[in-house]
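Since the structure comes first, as structure tokens, the remarks are kept for the end.
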Amino acid sequence: MSSDSTNATSLPVKDEATGLGTFGGVFTPSILTILGVIMYLRFGWVVGQVGLPQTMLIVTIATSITFLTALSISAIATDKVVRAGGAYYMISRSLGIETGGAVGIPLYFAQALSVALYTIGFAESVKNVFPSTSIVIVALITTILVTALALISAEFAIKAQYVIMAAIALSLVALIFGHDVTPIPSDAASVDIPRVGFWAVFAVFFPAVTGIMSGVNMSGDLKDPIRSIPKGTIAAVVVGYVIYMLIPFILVARTPTASQALLNPNELVLKRIAFGGQYVIDSIVLGVWGATLSSAIGSILGAPRILQALARDNILPSSLRWLGKGNGPTDDPRLGTLFTLGIVLAVVMLGSLDAIAPVLSMFFLTTYLVLNVAAGLEGFLQSPSFRPTFKVHWSLSLLGALGCIGVMFLINPIATIAALLIVALIYIWLERRQIESTWGDVRQGIWMTVVRTALLNIERNPDPKNWRPHLLVLSGTPSKRWYLIEFARAFTHNRGLITVANILPSGSRSIAQQEKAEGVLRDFLDRKGVQAFAKVITADDPFDGTKQLLETYGMGPLVPNTLLIGDSEDPETTSIERYFNTIKVCHGAKRNVVIIRDEGKEEVPDSAAPPMFVKDEQRRIDVWWGGLQSNGGLMLILAYLLRTSWQWRSAEIRLKLVVPDEAAAQSAEANLTNLTESLRIGAKPEIILAEGRSFDTILSDSSADADLVFLGLAVPKDNPAEYYETLQKRVAGLPTTVMVLAAENLDFSEMLQKD
């Protein structure tokens, strides 16, 4: 896993004395994209299919989703300065750079390829009027011309859109002052045009109300984005809604709803209604051309600005970072525009985009979805840093997000899944690159809320059903006793919690140095791929430090339930007493103790990968049995966790029980066989006759060739020297040994037995 050498940084700030205003920079590109080709080519079909009341309902539902998204955009835009990159900038600063990039890269390609879609659509409409023209040639010329407008300057391109807006406005006026549909022979023809359902019609119409990203994408060129984005975006949605609610009344008043003119999707019914519609080129044709060209201009303006922001945040590969360069006082992305032109021209040469057009629509809707999620999370968490002047309740943003995902599946389920899969793959790629950002995001607040809720809901009384080892590992310097870390990983399966602690002598570190040492330890664990917390404290001696950790470390009910330590072979009386007292204090604090005596004792160099502490052949784990209660239950659980870890792949567990004679062996074997079958942990019973031998002798003889041995520990009494001597004598000469002392107020037998 590699990490980028440079950090993502904030984008340059443009001089606020220059730039576009609300009307030209946000409202104009947004309303021109909303009043698009669907209005001209499909609105009549919508009315013909479902009638006036349901058309009004479709327009209202569709616009409501866009309106809720506009509210979410307004909340985010009025909380922070929105610089170049529009939707990408908002998402990355709210949900993190990985989420921003995962949405921003597909959004760029969707915007770029939309240019090809619109110019090809324009070329097809030109061919309908002038049949001798070539679609590809007209599309190529149109693409170059709209790109030239964008290269001259964004402000010049916006001014060109004013002309297009005038053409669309003229077409709407011609429609209002038009006339009833003039009957033609095809109207009476009994052509069988299929009827479709409400949601199928809704799916066709919904793209007509999208387009608010066209204004948001101009964020870096706005004089005052905090003011302009909310006002311009919401105004465009409202104006679009009013127009879309007016047109159906005109269609119904001047065309019978059952007319072939409405039902035929290929019929340009608005042209037949509008004033002057008898001419080859009239206001409706100009409106269609204006709709396609304005959308193309909006896309060629927006796509390079998203690309510029992606490059400046180091989202793009290093070979494409030059795309972040801007030109002139307005920081125009000319290199990005030329790069986008190359992509668009290549696509135009291929002709139709029908195959990928649905996925492109999904990318736009995914952006809407994530913007709603971002605003909803910010509002729900109520972080002190989130202080928008345009306040929106988080439930409205959540409703907008649900609407977006619902519409996506209604329009095209396969394209929705494909788009979401692409976004997920890009997210994983960016996360693996570990790009560092210089800004905070909402994710930390999300985790804090989740942790708080979880802590308040965790039962203070342990539950055997959900028990997992939460380990406090006293490893000292981890590279010295790496086997403790490896065992901790095998016991937890990355489900329980691990805290690797180091206790330093008092006075050896200041608080600042102690925090630095903790950071070094955490970095070391990260490099080794260990999911664990790091804790460094200072104490007069290790025993006092352990006691301090047991008393203070943790939060609420979530505290380490098991202490994992190495064996002590220091024969000094002071060391023996400390070791004994550590076990005794843990038992008194109701914390389990696991002591690992490892024969290998391999030191792990900081620069090397940790060695595996198991061999390749099948291993054997011996568990010396004394009953399910207390130590026996915990030993079996730990042995099972080891056996199901990747390090100890399906090792054989032998459950060993010593009996005094043959008579006791028969009943013991039957009981132990029934027990192992009911436990279902893959253990095999083994009955051993004592025949006058001591337990230590039997242990040494029977487990000498095992790979791992589990032994129960006695509860410490009052004689440290005797306790230590007995312990060392018993484990001498054995392979790696795990000594277990169960202390929790928990019946581990309940966890093992299902009856």
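Conditions tested, residue by residue: (1) within 15 Å of Thr366 (Cα to Cα); (2) surrounded by fewer than 23 Cβ atoms within 10 Å (Cβ to Cβ); (3) acidic (Asp, Glu); (4) modelled with pLDDT of 85 or more.
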| residue | (1), (2), (3), (4) |
| --- | --- |
| Gly86 | yes, no, no, no |
| Ser94 | no, no, no, no |
| Gly100 | yes, no, no, no |
| Pro106 | yes, yes, no, yes |
| Phe109 | yes, yes, no, yes |
| Ala112 | no, no, no, yes |
| Thr119 | no, no, no, yes |
| Ser125 | no, yes, no, no |
| Val129 | no, yes, no, no |
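I'd like to check something: does segment 700-719 contain any residue that is assigned by TED's automatic domain parsing to the domain that holds Asn674, among the aromatic types (Phe, Trp, Tyr) and not in a helix (DSSP H, G or I)?
Yes, because at least one residue in segment 700-719 is assigned by TED's automatic domain parsing to the domain that holds Asn674, among the aromatic types (Phe, Trp, Tyr) and not in a helix (DSSP H, G or I).
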Q: Inspect all residues belonging to segment 423-442 and state whether any of them is over 19 Å from Thr99 (Cα atoms) and modelled with pLDDT under 85.
A: no
**Q.** Residues being over 15 Å from Tyr108 (Cα atoms), in a helix (DSSP H, G or I) and free of Cβ contacts under 8 Å to residues at least 24 places away in the same chain - total across segment 322-347
**A.** 2
Q: For residues that are buried (at least 19 other Cβ atoms within 10 Å of the Cβ) and assigned to a strand (DSSP E or B), tally how many sit in segment 512-534.
A: 1
Q. Does Asp540 fit the bill of being among the acidic types (Asp, Glu) and in contact (Cβ under 8 Å) with a residue 40 or more places away in the chain?
A. no
Q: Could you pull out the residue among Ser294, Ser283, Ser259, Ser219 that is polar (S, T, N, Q) and modelled with pLDDT of 80 or more?
A: Ser294
Q. Out of the residues in segment 628-663 that are part of a helix (DSSP H, G or I) and among the small types (Gly, Ala, Ser), which is farthest from Ala742 (Cα to Cα)?
A. Ala663
Q. Just to be sure, is Leu251 touching a Gly at 6+ places or on another chain (Cβ under 7 Å), assigned to a helix (DSSP H, G or I) and either crowded, with 22+ Cβ neighbours inside 10 Å or modelled with pLDDT of 85 or more (or both)?
A. yes
**Q.** Which listed residue is more than 20 Å from the chain's Cα centre (by Cα) and either closer than 27 Å to Thr449 by Cβ or surrounded by 14 or more Cβ atoms within 10 Å (Cβ to Cβ) (or both), from Val407, Val423, Val373
**A.** Val407
Q) Do the conditions hold for Phe339, that is, is it under 24 Å from the mean Cα position of the chain (by Cα) and not aliphatic (A, V, I, L, M)? A) no
Q: Hey, can you tell me all the residues within segment 539-566 that are among the hydroxyl-bearing types (Ser, Thr, Tyr) and surrounded by fewer than 20 Cβ atoms within 10 Å (Cβ to Cβ)?
A: Thr552, Tyr553
**Q.** Residue in segment 426-435 that is farthest from Ala374 (Cα to Cα), counting only those that are surrounded by 14 or more Cβ atoms within 10 Å (Cβ to Cβ) and of a type in the set (Val, Ile, Thr)
**A.** Ile435
Q: Scan segment 654-709 residue by residue and report those that are aliphatic (A, V, I, L, M), over 17 Å from Ile621 (Cβ atoms) and touching a helix residue (DSSP H, G or I) at 6+ places or on another chain (Cβ under 7 Å).
A: Val658, Val659, Ile687, Leu689, Ala690
Q: Please find, among Thr55, Thr28, the residue that is over 30 Å from Thr330 (Cβ atoms) and modelled with pLDDT of 85 or more.
A: Thr55
**Q.** Tally, over segment 488-507, of residues that are out of contact with any helix residue (DSSP H, G or I) (no Cβ under 9 Å at 6 or more places or on another chain) and more than 21 Å from Ile595 (Cβ to Cβ)
**A.** 4
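The values are calculated or read from the model by the stated rules, or taken from the named source; none is laboratory data. Bear in mind the structure is a predicted one, so any value in this text is a computation, not a measurement. All Cβ positions, glycine included, derive from the backbone under ideal geometry; neighbour counts span all protein chains shown.
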